[in-house]
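A.B. asks: Let me begin by handing over the structure; questions about it come next.
The values are calculated or read from the model by the stated rules, or taken from the named source; none is laboratory data. Quick caveat: nothing in here was measured; it's all calculated off a predicted structure. Every residue, glycine as well, gets a Cβ built from its backbone with ideal geometry; the counts of neighbours run over all protein chains shown. With ligands, DNA and RNA removed, areas are computed over all heavy atoms of the protein, side chains included. Shrake-Rupley method; radii C 1.70, N 1.55, O 1.52, S 1.80 Å.
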Amino acid sequence: MTPGPALVSILRQGAYLIASVHTALDDSQMVRFQDDLIGEIGRARSRGVIIDVAALDVLDSFGSNTLRSIAEMARLRGAVTVIVGIQPDVALAMVKLGMGTGSVPTALDLEEGLEYLDRHVQHSPAASARGGERSR
Amino acid sequence: MPVSASPPADAGRQSEPPADVAALIPLVRRIVEARVGNHPAADDLVQETLVRVLAAASRVEPGLLEPYAIVTARNVIASLWRQADRQRRNQHRVVDLRPAEEPDEQVLAVEEQSAVAQALARLSDREREALVAHEVAGEDTHALASQTGSTPGAVAAQLNRSRARMRVEYLLALENADPPTERCRPVLLALSSGDRRRQREVDAARHVLECDLCARLSQPLMERGQQRDDEVHISVTSDADVVAARQGARELASRLGFRATDLTILATAVSEVTRNIVRFAGSGEVVVELVERPRRGVRVTARDTGPGIHDVEQALADGYSTNAGLGLGLPGARRLMDEFAVVSEPGHGTTVTMTKWLQEG
């Protein structure tokens with residue numbers, strides 16, 4: 001593990017995972033974050049994932065790409081992903097770069113992100129009672 | 001041993017006879033030996049003690065002379081240790097500051113001398129004469145100028161060029177190296193003189209990346225130039241350097257007063273071109289510098305010694321990528337920056353130069 005303060009944190013919040021990036025990440029740290037998060041979705045049997053990128057200094061092609069991959073992998077594992085906290089400067093740079101988050105939903109901040117998940121994650125009573133993973 | 005053989009002249013007039021003191025000799029010797037052993041000063045300590053006892057004999061009550069001698073002996077020994085200690089502590093103050101000559105120093109001096117001689121020999125006659133007249137004979141630029149019918153300024157400039165050449169030739173002679181390519185000498189000369197325009201003309205930075213000898217020699221040449229604070233060098237070999245490069249660029253540009261938006265745009269572009277170095281070339285460098293002309297802005301130069309790009313036009317087209325990415329690296333960076341140029345030579349490497357101008361007002 002890297003010494004010093006954690007670069008990212010992945011917290012469990014009910015059926016959701018809240019993943020926060022705390023600092024600028026280089027490419028290999030970004031990939032590790034992806035692997036950790038996808039692994040955690042299985043362990044926690046999460047139905048929704050919020051990725052908070054407010055602390056990222058830039059979202060370049062690799063960063064955006066990785067976020068999209070995470071969202072797609074999470075979807076295949078039965079979880080809905082929403083990205084929150086993209087800073088206005090970062091958003092502008094992403095548009096100029098010709099990059100976006102594609103079909104990955106975004107929300108302004110954590111609160112909006114949670115709201116989004118509440119609306120879009122199917123809570124079947126049976127599944128939540130068992131903490132099950134059935135997505136539909 | 002001549003211990004207290006002849007007591008001080010005034011001792012004779014004193015009431016205590018020296019004979020009492022003489023009887024103390026074995027005692028004092030025992031005490032001294034017990035404390036200092038075979039110390040070379042042992043006899044001196046005994047002497048010293050007896051002299052003191054003799055001097056004080058008249059003031060000491062009869063019968064107490066023996067304890068007095070014992071205490072005196074102890075004190076004398078203690079003061080010996082104190083002195084030795086003080087000397088040890090102060091030794092560095094009296095030491096000869098020139099370190100002792102090492103066996104190899106002579107050899108080094110000879111090498112150094114021959115290197116200087118070789119370097120001087122490679123200068124032209126006029127250069128050498130002027131340099132020697134100025135540095136050794138101490139003639140000032142005015143005198144030299146009147147001799148050659150020139151101006152002091154021109155002489156000073158010529159002297160500077162000669163010194164720059166001398167530095168290069170000296171380092172080459174010291175390394176006992178012949179420059180492997182014909183570009184080496186002009187590049188080293190440009191670095192030595194600190195002439196930035198000339199360095200750009202001969203593309204010094206790229207040559208230093210490619211040429212091991214010049215990379216080594218350029219270190220001492222660059223060190224003497226004053227560090228510029230409007231420039232950041234980041235050598236790039238790993239993912240972490242991508243972050244370092246974009247943060248370095250952001251920090252430097254923020255000093256010029258770029259808006260936060262433009263700082264992020266700049267950082268994103270730097271991130272893209274630096275990543276290209278890591279992925280395709282393995283190693284290279286990124287230089288970020290503030291520019292004043294034609295406008296104020298930040299120029300980023302990313303150089304690598306990788307395989308080069310065969311078709312730059314194609315690499316700049318959206319969607320082209322050899323790395324299974326989205327092909328946004330170069331075209332994306334071009335969209336983000338105000339000016340953008342790629343020069344690539346297959347087999348030698350790629351240089352990306354890009355500029356972001358400061359939006360005034």
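A.B. asks: Kindly establish whether residue B:19 is farther than 27 Å from residue B:84 by Cα, assigned by TED's automatic domain parsing to the domain that holds residue B:79 and at pLDDT below 80. Give the steps one after another, and end with the answer.
C.D. replies: On the way: farther than 27 Å from residue B:84 by Cα: yes; assigned by TED's automatic domain parsing to the domain that holds residue B:79: yes; at pLDDT below 80: yes.
Taking the combined requirement at face value, the residue satisfies it.
A.B. asks: Go through the residues of segment B:296-310 one by one and say whether even a single one is part of a loop (DSSP other than H, G, I, E, B) and at pLDDT 90 or above.
C.D. replies: Yes; the residues of segment B:296-310 include at least one that is part of a loop (DSSP other than H, G, I, E, B) and at pLDDT 90 or above.
A.B. asks: Right, another one. Being within 14 Å of chain B (Cβ to nearest Cβ) and β-branched (Val, Ile, Thr) is the filter; apply it to segment A:31-75 and report the residue that is most open to solvent (accessible area, probe 1.4 Å).
C.D. replies: Only one residue fits best here, namely A:31.
A.B. asks: Looking for whichever is open to solvent by 40 Å² or more (accessible area, probe 1.4 Å) and in a helix (DSSP H, G or I) here; the options are B:246, B:250, B:275. Which one fits? Step through it out loud before you land on a result.
C.D. replies: Values: B:246 fails: open to solvent by 40 Å² or more (accessible area, probe 1.4 Å); B:275 fails: open to solvent by 40 Å² or more (accessible area, probe 1.4 Å).
Of B:246, B:250, B:275, the one residue that is open to solvent by 40 Å² or more (accessible area, probe 1.4 Å) and in a helix (DSSP H, G or I) is B:250.
A.B. asks: Every residue in segment B:40-55 that is free of Cβ contacts under 8 Å to residues at least 40 places away in the same chain and either surrounded by fewer than 17 Cβ atoms within 10 Å (Cβ to Cβ) or on the phi > 0 side of the Ramachandran plot (or both), please.
C.D. replies: B:40, B:41, B:44, B:52
A.B. asks: Filter segment B:194-215 down to residues that are within 22 Å of the chain's Cα centre (by Cα) and modelled with pLDDT of 85 or more and give me whichever is least open to solvent (accessible area, probe 1.4 Å).
C.D. replies: Of the residues in segment B:194-215, the ones within 22 Å of the chain's Cα centre (by Cα) are B:194, B:208, B:212-215.
Filter again for modelled with pLDDT of 85 or more, leaving B:208, B:212-215.
Values: B:208: 33, B:212: 119, B:213: 18, B:214: 0, B:215: 32 Å².
Step by step, filter segment B:194-215, then rank; the result is B:214.
A.B. asks: Where residues in segment B:278-318 are among the hydroxyl-bearing types (Ser, Thr, Tyr) and open to solvent by 20 Å² or more (accessible area, probe 1.4 Å), which of them is farthest from residue B:247 (Cα to Cα)? Walk me through it before giving the result.
C.D. replies: Filtering segment B:278-318 for residues among the hydroxyl-bearing types (Ser, Thr, Tyr) gives B:283, B:301, B:305.
Retained after the next criterion (residues that are open to solvent by 20 Å² or more (accessible area, probe 1.4 Å)): B:283, B:305.
Values: B:283: 18, B:305: 23 Å.
Going through the qualifying residues, I end up with B:305.
A.B. asks: State whether the residues of segment B:56-63 include one that is open to solvent by 60 Å² or more (accessible area, probe 1.4 Å), part of a helix (DSSP H, G or I) and either of a type outside the set (Ser, Thr, Tyr) or within 14 Å of residue B:20 (Cα to Cα) (or both).
C.D. replies: There is no residue in segment B:56-63 that is open to solvent by 60 Å² or more (accessible area, probe 1.4 Å), part of a helix (DSSP H, G or I) and either of a type outside the set (Ser, Thr, Tyr) or within 14 Å of residue B:20 (Cα to Cα) (or both).
A.B. asks: Within segment A:80-91, can one find any residue that is at pLDDT below 90 and either within 14 Å of another protein chain (Cβ to nearest Cβ) or open to solvent by 20 Å² or more (accessible area, probe 1.4 Å) (or both)? Step through it out loud before you land on a result.
C.D. replies: We begin by selecting, within segment A:80-91, every residue at pLDDT below 90; these are none.
There is no residue in segment A:80-91 that is at pLDDT below 90 and either within 14 Å of another protein chain (Cβ to nearest Cβ) or open to solvent by 20 Å² or more (accessible area, probe 1.4 Å) (or both).
A.B. asks: With respect to residue A:104, determine if the residue is modelled with pLDDT under 95 and under 27 Å from residue B:264 (Cα atoms).
C.D. replies: Working: modelled with pLDDT under 95: yes; under 27 Å from residue B:264 (Cα atoms): yes.
So residue A:104 fits the description; yes.
A.B. asks: Sort out which residues of segment B:103-161 are aliphatic (A, V, I, L, M), over 27 Å from residue B:176 (Cβ atoms) and without any contact (Cβ under 8 Å) to a residue 24 or more places away in the chain, and write them in order of number.
C.D. replies: The answer is B:133, B:137, B:143, B:144, B:145, B:154, B:156, B:157.
A.B. asks: Further, regarding this structure: Restrict the check to segment B:146-166 and report whether at least one residue is farther than 18 Å from residue B:213 by Cβ, more than 28 Å from the chain's Cα centre (by Cα), aliphatic (A, V, I, L, M) and not in a helix (DSSP H, G or I).
C.D. replies: no
A.B. asks: Then there's this: Among the residues of segment A:20-48, count how many are in contact (Cβ under 8 Å) with a residue 40 or more places away in the chain and within 10 Å of the chain's Cα centre (by Cα).
C.D. replies: Of the residues in segment A:20-48, 1 are in contact (Cβ under 8 Å) with a residue 40 or more places away in the chain and within 10 Å of the chain's Cα centre (by Cα).
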